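Q: Okay, here's the structure, questions in a sec.
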Amino acid sequence: MNTALPPTKYGVVVFPGFQALDVFGPLSTLNVLSRDHSMELAVIAESLTPVSTNPEPNTFVSSSFGQEILPTHTFTNAPEVEVLIIPGGFGTRSKVSMAPVESYIQSVFFNLKYVITVCTGSAILAGMSLLDNRRATTNKCTWSLVTPLGPKVEWVRKARWVVDDTPGVPPVWSSSGVSAGIDVTFAFIQMLYGAGTAESVANVMEYERHLDDKWDPFADVWGVTGDLD
């Protein structure tokens with residue numbers, strides 16, 4: 001457990017085509033945590049217009065099945081946050097959607113205390129060279145699409161989540177695909193709030209955690225082969 005005072009100001013960026021569980025998995029976990037800890041949340045987007053999990057028109061997804069989230073702040077008036085959660089989703093493949101997201105992240109990144117990326121959220125940082133010479137992981141079913149975006153990243157092939165705490169830059173907690181965002185959030189809670197608190201939150205949620213950061217059967221499922229890191 002980290003003996004420093006835990007953060008109180010959390011933010012999550014959303015954009016058209018974000019993956020629902022990438023956002024709501026970690027937030028559901030933090031919601032339970034916030035019952036006993038003083039915490040603030042900012043949902044940050046390009047505008048205050050509801051943001052859908054449906055990506056902008058594209059060649060990848062044709063379904064109109066989706067949900068919307070209402071931002072609390074925009075990239076231009078967002079409050080200072082200590083922890084920034086960056087989800088993935090099909091929207092990360094849109095240069096138009098990503099431009100304002102990247103601009104915001106660039107403006108705040110080095111002032112953050114912690115960064116949590118879920119799924120292809122790590123692709124955003126990798127494409128901005130913010131993960132150069134740092135360890136990270138990502139969704140294994142999109143491994144071949146994401147990893148070329150960060151040729152200088154030390155990509156970890158088999159991992160539920162990866163923590164990179166390189167000195168002088170904000171620690172980055174990156175998770176594998178979608179549901180792994182819940183496990184990386186629990187690992188984050190355990191480090192900052194203690195194992196007892198993490199276990200209590202998991203019991204309230206009736207969630208069985210994956211405690212091993214190297215647990216990753218999906219690397220084999222999706223053929224992410226080669227020397228394991």
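The values are calculated or read from the model by the stated rules, or taken from the named source; none is laboratory data. Here the structure is a predicted model, which is why all the values come from computation and not from measurement. We place every Cβ from the backbone using ideal geometry, glycine too, and count neighbours over all the protein chains shown.
Q: Is it true that V184 is closer than 16 Å to G25 by Cα and not in a loop (DSSP other than H, G, I, E, B)?
A: Here the answer is yes, as V184 does meet what is asked.
Q: If you check V81 against the conditions, is it in contact with a strand residue (DSSP E or B) (Cβ under 6 Å, 6 or more places away or on another chain), in a strand (DSSP E or B) and surrounded by 15 or more Cβ atoms within 10 Å (Cβ to Cβ)?
A: No; evaluated as a whole, the condition is false for this residue.
Q: Mind listing just one residue for me: the one in segment 170-181 that is touching a helix residue (DSSP H, G or I) at 6+ places or on another chain (Cβ under 8 Å) and buried (at least 23 other Cβ atoms within 10 Å of the Cβ) and, of those, nearest to P26 (Cα to Cα)?
A: Restricting to residues being touching a helix residue (DSSP H, G or I) at 6+ places or on another chain (Cβ under 8 Å) and buried (at least 23 other Cβ atoms within 10 Å of the Cβ), the top hit is G181.
To keep it simple, each residue is scored yes or no on (1) over 16 Å from F188 (Cα atoms); (2) crowded, with 23+ Cβ neighbours inside 10 Å; (3) acidic (D, E); (4) under 15 Å from the mean Cα position of the chain (by Cα).
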{"position": "G11", "(1), (2), (3), (4)": "no, yes, no, yes"}
{"position": "V14", "(1), (2), (3), (4)": "yes, yes, no, yes"}
{"position": "P26", "(1), (2), (3), (4)": "no, yes, no, yes"}
{"position": "M39", "(1), (2), (3), (4)": "no, no, no, no"}
{"position": "T76", "(1), (2), (3), (4)": "yes, no, no, no"}
{"position": "I86", "(1), (2), (3), (4)": "no, yes, no, yes"}
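Q: For segment 104-162, enumerate the residues that are assigned to a loop (DSSP other than H, G, I, E, B) and among the polar types (S, T, N, Q).
A: Correct list: T120, S129, N133, T137, T138, N139.
Q: If K95 meets every condition in (1) closer than 27 Å to N54 by Cα; (2) modelled with pLDDT of 95 or more apart from one, which number is that one?
A: Among (1) closer than 27 Å to N54 by Cα; (2) modelled with pLDDT of 95 or more, K95 violates only (2).
Q: I've got another one for you. What number goes with the only condition from (1) outside any loop (DSSP other than H, G, I, E, B); (2) hydrophobic (A, V, I, L, M, F, W, C); (3) out of contact with any Phe, Trp or Tyr (no Cβ under 9 Å at 6 or more places or on another chain) that V178 does not pass?
A: Every listed condition holds for V178 apart from (1).
Q: I'd like the residue in segment 193-218 that is out of contact with any Phe, Trp or Tyr (no Cβ under 6 Å at 6 or more places or on another chain) and surrounded by 21 or more Cβ atoms within 10 Å (Cβ to Cβ) and, out of all such residues, is farthest from L131 (Cα to Cα).
A: V201
Q: Can you find a residue in segment 194-206 that is under 23 Å from V12 (Cβ atoms) and acidic (D, E)?
A: Scanning segment 194-206 turns up no residue that is under 23 Å from V12 (Cβ atoms) and acidic (D, E).
Every residue, every condition in (1) closer than 25 Å to L211 by Cα; (2) crowded, with 24+ Cβ neighbours inside 10 Å, yes or no:
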position: Y114; (1), (2): yes, no
position: T120; (1), (2): yes, yes
position: S129; (1), (2): no, no
position: D132; (1), (2): no, no
position: T137; (1), (2): yes, yes
position: C141; (1), (2): yes, no
position: L149; (1), (2): no, no
position: V153; (1), (2): yes, yes
position: V163; (1), (2): yes, no
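Results for (1) at pLDDT 95 or above; (2) in contact with a helix residue (DSSP H, G or I) (Cβ under 6 Å, 6 or more places away or on another chain); (3) of a type in the set (G, A, S), shown as yes or no for each residue.
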residue: S47; (1), (2), (3): yes, no, yes
residue: P79; (1), (2), (3): yes, no, no
residue: I86; (1), (2), (3): yes, yes, no
residue: S107; (1), (2), (3): yes, no, yes
residue: T137; (1), (2), (3): yes, no, no
